[in-house]
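Notes for the one structure printed next.
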Amino acid sequence: MKNTPLLAFNDKGIYCAQADVYLDPWRPVDKAIISHGHADHSRWGHKKYITHHSNIPIIKHRLGEINVSGKDWNETFSINNVKFSFHPAGHIIGSAQIRVEYKGEVWVFTGDYKTEDDGVAKPYEPVKCHTFITECTFGLPAFKWQPQEEVFAEINNWWLQNQAEGRTSVIFGYSLGKAQRLLKYLDTSIGKIYTHGAIENMTEVLRPQLEMPETTRITRDVKKDEIKGNIVVAPPSAHGTPWIKKMVPYVTASASGWMTFRGARRRRAIDRGFVLSDHCDWQGLLSSIKETGAEKVICTHGYTDIFSKYLREIGYDARTEQTQYEEENAEQTSKTEDE
Amino acid sequence: MRQFAELIKTLDSTNKTTLKVEALTKYFNNAPDRDKVWTIAILSHRRPPRPVNTTLMRLWASEIANIPLWLFEESYHIVGDLAETIALVIPPSSASSEKSLNQFLQEIIDLKPKSEEEKKEYLKDNWLSLNYYERFVFTKLITGSFRIGVSQKLMTRALSKATDIDEDILAYKMMGDWNPAKTTYTKLILEENEEDFLSKPYPFYLAYAIEDEPKDLGDVSEWSAEHKWDGIRSQVIVRNDELFVWSRGEELVTDKYPEFEKFVGVIPNGTVIDGEILPFPEGEIGTFKDLQTRIGRKTVSKNLLKKTPVILKAYDVLEWEGEDIRQRAFKERRAILEKLYTEVKSDELPLHLSHTIQFKNWEEAAEERERSREVKSEGLMLKRLDSPYLVGRKKGDWWKWKVDPLTIDAVLTYAMRGHGRRSNLFTDYTFGLWDEKKEELVTFAKAYSGLTDAEFRKLDAWIKKNTLERFGPVRSVTPHHVFEVAFEGIAESKRHKSGVATRFPRILRWRTDKKIEEANTLEDLKALIP
């Protein structure tokens, strides 16, 4: 037993043998501890789910009735002498890092996280540990985020300008996370916010926990003329579908970390790209790793090989593990909306 | 610079042609004249020569960004554009430059003879003191062309709106060998200047591929057909006892083809012929591969001139007796060309006529098209007998009707990330065919086009999950997918491992119905060599 690591990667997920539980498993298991509500981390079919309170309505909305228990931030619970607790990851509402401790050895699994306080998710808190399991979706020095105030100023300006030119603004973002972040900071003095059904459904689920402006769902009854000049928030999958014709004349934008690349925006035929991410940028990853004090780092998804090679160069004991979280997901438009 | 960077940003921020034209027109109405000239030059691919090689730029950028060179290179493979990578990795700045585009370009020109140290200082100062977009544009000015979805045609349209000068006239003015550092906006665009016109070619008229059945073009008697030759589309100009040869890429290639000097004194001054430069080894039309031995060379050795001479296959005459006759009907222009040809032809003169054919019906035309490979043409060109010679790619009067390509089923073996619009996406593929024993796949071609965006995305996701080995930007993948690869021509080649070179290979179809065992062999491919 002595050589068994506290957390190991197998074909079902990240496994803690001592406690016989999985963290964010990708195949059905008996007991799953879940970091956050995105579909690649909270999957269908586990017998028992343990997660932060805030995630329960999200996961139930997506998966229906499940056997789930909720925990508070920093609340320690033990399973066969292994101590677990949730700590804010700042990625989306409810997103948590999972701290695992056994006989004084501490591991932290980040799930997805970002270091900037976006005012929606509880801000990321570094947690001291020996081994840090980190995502590195944007683990390249090309990724540097601007403060979100600057990005939202650009987004609202864009909306204003489109309105002046008689066009409707259509902005794409994931229905869980990015959409609520957009809604919170869109300037409603410019006009009204309309939403795609997938966004409205998720937002309704979150309204009890989040303060958000009034939105109008686009239904058959909504007239084309009333939308004109306003802004529409839609999931990326709505781009290029007949649904969008109702917004003519419109201009499109996408809000995502991938918009860093000119090519990513151009091949999607989107007019404008706003670099707005719910993940860490390069510096965010490096500084948070440093703050944990960890010596060992395991990279799970993103530019794992490049990032872990760099970490080794600067003195960490770093490696890559294969997971089924959405690796290199620049081309995928679905996180939750295709369900 | 701010104004130009804003323009590029706007052009880059929209996929709508009307908005691009709007932005360009606004720029041409407001920018300083010197900047306008440079903008026209840059958008028509007339950059000053690169003052610094990119290896050094990469090295310096990684130093300034404080990252190891390998990490810079990895980032570049993923971003897919050097200037963009440099602009992204260098520490951010929010400054903007008051210097004009003209000043920047003058500095870039002056930079070329300077020492490495001076060059590095110059780049570093600018990289650190420009905001992201200006930094990107500045680096682009040094490294390469702007691929921002602005064709020359689109720029001409905007310039026409800004100046009220006819688009065709502008297209003509912007052709040829002008130097943006020396000319002025007035001279280039606004003024009429006879002397400048001596070497100037006319904009080429280009045909679209036929979309439906040729019989939809109407009465066959209104059409002239000729074979579509596979060489370099060119204009040969004889004026004032001087010869000028222009390729379709608007490159002045007179020196590369000294054979045509014989035209001076034989073909009358004030003549412009539109034709195709073709290789003519051993008194016969050769393959495109033969021509490639000539294309790359600025000066031609006597030996090569003897081994692979070229001829001009004449299609059309655009200027006759010093007069622009493009508005006359095709049949009238052809009559002039044919008369000229009959008068001057000789074994010594490298001028051949592309013979026109008139058909009784479309079925007959289809039969002739089937013979194309035999006569070493790519198919047929159909031209309306009463059509004028238009500017650029226009539908209606001229159509190309190529033969169906050769095809073979091959297995995807390697993939590489694309550039530009396809950055961070595996879109450049290498294909293999089975060896004799059907044990190994031998690489035979690379192809970059032919899939839809959705198919590219699907294949990209698959490649990322089925990588065997990584070699920098290239990945070898599990042999699994079969593609029907099409190509225009095929010839033996010593340079290729497979022993075969294919011309213009591209993906025709993703054969999801086929297993890799069902892919073709190298022998199957070789059987296609004529």
field: Positive minus negative residues near B:Glu439 (Lys, Arg vs Asp, Glu; Cβ under 14 Å)
entry: -3
message: Placing +1 on the Cβ of each Lys and Arg and -1 on the Cβ of each Asp and Glu in chain B, which of B:Ala171, B:Ile336, B:Phe138 has its Cα farthest towards the positive end of the resulting dipole?
response: B:Phe138
query: Taking a 24 Å limit on the Cα-Cα distance, which of the listed pairs B:Lys437/B:Lys515; A:Lys184/B:Lys26; B:Lys438/B:Lys497 fall beyond it?
result: A:Lys184/B:Lys26
- prompt: Dipole magnitude of chain B about its Cα centre, charges +1 at Lys/Arg Cβ and -1 at Asp/Glu Cβ only, in debye to the nearest 20?
  reply: 1480 debye
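Distances over 32 Å make up what percent of all Cα-Cα pairs in chain A?
Every Cα pair in chain A considered, those over 32 Å come to 30 percent.
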field: Normalised convex hull volume, region B:2-143, alpha-carbon set, Å³ per residue
entry: 108 Å³
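Give me the number: length gained by fully extending B:Ala329 to B:Leu528, i.e. 0.36 nm times residue separation minus the C-alpha to C-alpha distance, one decimal in nm.
Here the segment from B:Ala329 to B:Leu528 would lengthen by 67.6 nm.
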message: Just to be sure I understand the model, the point goes 7 Å from the Cα along the line to the Cβ. What's the resulting B:Lys26 to A:Phe9 distance in nm?
response: 4.9 nm
- prompt: If you add up the charges near B:Pro48, with Lys and Arg at +1 and Asp and Glu at -1, over every other residue whose beta carbon is less than 11 angstrom from its beta carbon, what do you get?
  reply: +2
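Rounded to the nearest 5, what % of the DSSP beta bridges within chain B are antiparallel ones?
90 percent
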query: Per q in 0.05, 0.06, 0.09 1/Å, what log10 I(q)/I(0) does a Debye calculation on the alpha-carbon atoms of the protein assembly as shown return?
result: -0.36, -0.51, -1.08
query: Taking the Cα centre of region B:2-143 as the origin and placing charges on Cβ (Lys, Arg +1; Asp, Glu -1), which of B:Pro92, B:Asn30, B:Ile109 is farthest toward the positive end of the dipole?
result: B:Asn30
message: Can you compute 3J(HN,Hα) from phi for each residue in region B:451-460, using the Karplus curve 6.51 cos²θ - 1.76 cosθ + 1.60 with θ = phi - 60°, rounded to whole Hz and x for Gly and Pro?
response: 9, 7, 4, 5, 5, 4, 5, 5, 5, 4
message: Checking the table B:Lys16/B:Lys289; A:Lys223/B:Lys458; A:Lys48/A:Lys122; B:Lys9/B:Lys200; B:Lys306/B:Lys331 against a 28 Å threshold on Cα-Cα, which pairs fail?
response: B:Lys16/B:Lys289; A:Lys223/B:Lys458; B:Lys9/B:Lys200; B:Lys306/B:Lys331
- prompt: Given the pairs B:Lys400/B:Lys446; B:Lys182/B:Lys262; B:Lys376/B:Lys402; B:Lys153/B:Lys394, which span a C-alpha to C-alpha distance of over 21 angstrom in this model?
  reply: B:Lys400/B:Lys446; B:Lys182/B:Lys262
- request: Kindly write out, for region A:169-184 in residue order, the coupling ³J(HN,Hα) from the Karplus curve 6.51 cos²θ - 1.76 cosθ + 1.60 (θ = phi - 60°), rounded to whole Hz, with x marking Gly and Pro.
  value: 9, 10, 10, 9, x, 4, 6, 10, x, 4, 4, 5, 5, 4, 4, 4
- request: List the relative contact order of chain B as a percent without decimals, with contacts defined as Cα pairs under 8 Å and 6+ residues apart.
  value: 12 percent
- prompt: Kirkwood hydrodynamic radius for region A:148-274: how many Å is it when counted over pairs of different Cα atoms?
  reply: 14.5 Å
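Sort A:Cys16, A:Cys280 so that the residue with the fewest other Cβ atoms within 10 Å of its own Cβ comes first and the one with the most comes last.
Least crowded to most crowded, the residues run A:Cys16, A:Cys280.
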message: Charges at C-beta only: +1 for Lys and Arg, -1 for Asp and Glu. How large is the resulting dipole of the protein assembly as shown about its Cα centre, in Debye rounded to 20?
response: 1160 debye
Gyration tensor over alpha-carbon atoms, region B:205-402, equivalent ellipsoid semi-axes in Å: 28, 20, 15
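Net charge near B:Leu508: determine it from the other residues with C-beta under 11 Å of the C-beta of B:Leu508, scoring Lys and Arg +1 and Asp and Glu -1.
So the environment of B:Leu508 carries a net charge of 0.
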- prompt: Can you list the lysines whose alpha carbon sits under 21 Å from that of B:Lys124, skipping same-chain ones fewer than 8 residues off?
  reply: A:Lys144, B:Lys99, B:Lys112, B:Lys114, B:Lys140
- prompt: How far, in degrees from 0 to 90, does helix A:197-206 lean away from the longest principal axis of the Cα atoms of chain A, to the nearest 10?
  reply: 50 degrees
- prompt: Among rounded, prolate and oblate, which fits chain B when a ≥ b ≥ c are the square roots of the eigenvalues of its C-alpha gyration tensor, a/c under 1.5 means rounded, and a/b larger than b/c means prolate?
  reply: oblate
task: Can you put B:Phe330, B:Phe146 in order of Cβ neighbours within 10 angstrom, beginning with the fewest?
output: B:Phe146, B:Phe330
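In region B:188-247, which GluC sites (Glu not before Pro) fall in coil by DSSP and have 15 or fewer other Cβ atoms within 10 Å?
B:Glu191, B:Glu192, B:Glu194, B:Glu211
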message: Using the crude model of +1 on Lys and Arg Cβ and -1 on Asp and Glu Cβ, and no other charge, please compute the dipole size for region B:2-143 relative to its Cα centre, in debye to 20.
response: 480 debye
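Counting other Cβ atoms within 10 Å, keep those with at most 16, restrict to DSSP loop, and tell me which trypsin sites (Lys or Arg not before Pro) in region B:272-356 are left.
Within region B:272-356, the qualifying trypsin sites (Lys or Arg not before Pro) (loop, at most 16 other Cβ atoms within 10 Å) are B:Arg297, B:Lys298, B:Lys345.
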- prompt: What are the ³J(HN,Hα) values, in whole Hz, obtained from phi via the Karplus relation 6.51 cos²θ - 1.76 cosθ + 1.60 with θ = phi - 60°, for each residue of region B:112-129 in sequence order, with x given for Gly and Pro?
  reply: 3, x, 6, 6, 4, 4, 5, 4, 4, 4, 4, 5, 4, 4, 6, 4, 7, 10
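Computed from the coordinates by the stated procedures, all read-outs in this text should not be read as laboratory data. This structure is a prediction, so every number in the text was calculated from the model and none was measured. As a convention, Cβ positions derive from the backbone with ideal geometry for all residues, glycine included, and neighbour counts pool all protein chains shown.
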